[in-house]
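Read the structure below first, then the notes.
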């Protein structure tokens, strides 16, 4: 089959050549008629998308923040003080931690790690005083004794029945 300059073939069928005006009015897949095409400056969906329902997460977050920030008046023997529920909760967590509650200890360490709080900041001076020079000398002597004991240990031998002392067997291999 030969190609002519006036028509091209598509799937073996000749396609007629269109005039310049006909190309603008062509209708087919992806080419709706002119009267149904969007006008310049007109959006594809004039009514817009339906608004999404508000997330319950945002309202829950707001309720949670409000509940934690609500002030409560506490009456001590000496005075009355107004604290937020969050402050009271942190105080209770610290009290449970001080009593040795393992769950509180885990939470305190997790919170301190996230916030970058050094839990041993006040204890560093105590550690320095505990390891004064005379205490350090005692520790050094103890470590030296332990190390010397480790070096003096004799090598442990296997029982004689497990030892292979036949030189003849080794030469034959």
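Listing for the model above:
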{"read-out": "Search result, residues across the range 110-119 that are modelled with pLDDT of 90 or more and surrounded by 11 or more Cβ atoms within 10 Å (Cβ to Cβ)", "value": "111"}
{"read-out": "Pair list, Cβ < 8 Å and 6+ apart or interchain, from the range 41-69 residues that are within 22 Å of residue 86 (Cα to Cα) to residues that are modelled with pLDDT of 90 or more and surrounded by 10 or more Cβ atoms within 10 Å (Cβ to Cβ)", "value": "67/85; 68/84; 68/85; 68/86; 68/89; 69/84; 69/85; 69/86"}
{"read-out": "Flag for residue 59 being in contact with a strand residue (DSSP E or B) (Cβ under 9 Å, 6 or more places away or on another chain), farther than 30 Å from residue 24 by Cα and outside any loop (DSSP other than H, G, I, E, B)", "value": "no"}
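The values are calculated or read from the model by the stated rules, or taken from the named source; none is laboratory data. Being a predicted model, the structure only gives us computed values, none of them experimental. For neighbour counting, all protein chains shown are included, and Cβ atoms are generated from backbone atoms with ideal geometry for every residue, glycine included.
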